[in-house]
Amino acid sequence: MTGVPELRIGIVGYGTMGRAHSYGYRVAPNVASLPLRPVVKVISGRDEAGVAAAAATYGAEGWTTNWRDLVDRADVDLVDICTPPGTHAEIAEAAAAAGKAVLSEKPLGTSYAQAHAAWAAVSKAGVRNAIGFNYRRIPAVALMRRMIDDGAIGEVRLWRATWLSDEFTDPATPFDWRFDRAMGGTTIADLGSHLIDMALWMVGPIDEVTAQSETFIRSRPSADGDRAVTIDDASSALVRFAGGARGTFEMARLAVRRPCDFSIEVNGTSGTLVFDYPRMNELLYGDGGDAPGLYGMRTIRAEHPSHPYAPLAWPIGQGIGYGETFVNQAVDLVTAWPNGSWTPSFADGLAVQAVCDAMERSAGERRWVSISEITSDPGLKAEMPLGTAG
Ligand SMILES: NC(=O)c1ccc[n+]([C@@H]2O[C@H](COP(=O)([O-])OP(=O)(O)OC[C@H]3O[C@@H](n4cnc5c(N)ncnc54)[C@H](O)[C@@H]3O)[C@@H](O)[C@H]2O)c1
């Protein structure tokens, strides 16, 4: 891409997501003709040796142990936040104040108040903003949404979403930020934010929720002895959509032998669509208009040239993996620079956070909670009680 101008990126955090986002920027020019060449100018992390090694491995031009230096650098156009949720709002606010575009990993914050502050900062500064709901960029998921919009299942009646992981199953897993309410948020938001985003994107706004949460393993070993776990490790919820549909969600990090299994299903008046992450190149479609002899679901291979993201994909039959969601994200963001729209944006992240907070409050208070109760109170306290008492 000689002669193509650069989109200069600073990535905050060099863990799993720092690696995934770097990968996306490196591969994007390989799969699409881009107006700009994404270049990771600098990556930050707290550990000097760790961040230096990550910069070399990921192909970043430089590194720093101070994220504020990264935000202030004149040669950074986009600040890409890949740190734990409790840090997102503060970094986004600083980036917005410096006039930088911002991409934040999900969830936008650990509370509606935090997410609101991040959204208000980018809105006030008028900077471009996006949130890393990368699963929207799986071709089969994008196709599912397109088919709903095109009326393939009629009017949506039921939504069903589960996310099952086993990352918290072993009581010997040491305490880290993921077990800390102030830094990690909740399992509702960690896993559920993706599911809630897909629900809002496909079905529309949610009015009201009722939820339950539990923390089965209440303490974890740490260098300073056992520490109390302050988040839920499994939650579930019923929801009412504004358009009349009803839905369910379940998110659990204690599901043995479930590595990262999410599944979403929509039932409409004339059809059903099912996406199952372990089979990420397929979409199941039950069409109520089929001849009775064809009763059942057909498997759509979401790799056809007519399907979303097909121009970025390998030839039909080769499929995609997790990495492509970050490649597709990078292509979408770079292609829309500087004037096209960036979706999903912080506004989407804020809408998702409102539902997460409503679920958390509902679980804590054992009652239905309307989303407007959360959104009408941007001064919401950062830490709310979890539904672990009963
Ligand atoms: N979209 C996805 O598929 C996906 C997947 C995993 C994680 N995430 C999100 O990405 C974000 C980062 O997750 P990760 O898995 O990359 O985390 P990680 O633990 O692998 O890396 C975290 C990075 O943040 C830095 N950091 C800065 N302040 C920190 C603090 N106070 N405590 C701990 N680390 C701190 C660490 O040095 C490290 O570089 C989270 O918001 C998480 O929810 C998204």
Select from segment 8-23 the residues that are crowded, with 24+ Cβ neighbours inside 10 Å, more than 8 Å from the ligand (Cβ to nearest atom) and of a type outside the set (S, T, N, Q) and list them in ascending order. 9, 10, 11, 21
I'd like to check something: does segment 281-297 contain any residue that is of a type in the set (S, T, N, Q) and over 25 Å from the mean Cα position of the chain (by Cα)? no
Just one listed residue, out of 163, 201, is buried (at least 17 other Cβ atoms within 10 Å of the Cβ), among the aromatic types (Phe, Trp, Tyr) and within 30 Å of residue 289 (Cα to Cα), and it is 201
The one condition residue 53 fails out of (1) more than 14 Å from residue 345 (Cα to Cα); (2) surrounded by fewer than 22 Cβ atoms within 10 Å (Cβ to Cβ); (3) under 23 Å from the mean Cα position of the chain (by Cα) is (3)
Do we find a residue being farther than 20 Å from residue 265 by Cα and β-branched (Val, Ile, Thr) anywhere in segment 213-228? yes
What's the number of the condition residue 76 fails, among (1) more than 12 Å from the ligand (Cβ to nearest atom); (2) surrounded by fewer than 20 Cβ atoms within 10 Å (Cβ to Cβ); (3) more than 23 Å from the chain's Cα centre (by Cα)? (2)
For segment 35-59, enumerate the residues that are polar (S, T, N, Q) and away from the ligand (no atom under 14 Å from the Cβ). none
Test for residue 127: is it away from the ligand (no atom under 16 Å from the Cβ), β-branched (Val, Ile, Thr) and within 30 Å of residue 77 (Cα to Cα): yes
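One line per residue, one yes/no per condition, for (1) hydroxyl-bearing (Ser, Thr, Tyr); (2) within 13 Å of the ligand (Cβ to nearest atom); (3) outside the structural domain of residue 109 (by TED's automatic domain parsing):
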| residue | (1), (2), (3) |
| --- | --- |
| 162 | yes, no, yes |
| 179 | no, yes, yes |
| 189 | no, yes, yes |
| 195 | no, yes, yes |
| 199 | no, no, yes |
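The values are calculated or read from the model by the stated rules, or taken from the named source; none is laboratory data. Keep in mind that what you see is a predicted model, and the values were worked out from it rather than measured. Please note: Cβ atoms are built from the backbone with ideal geometry, for glycine as well, and neighbour counts cover all protein chains shown.
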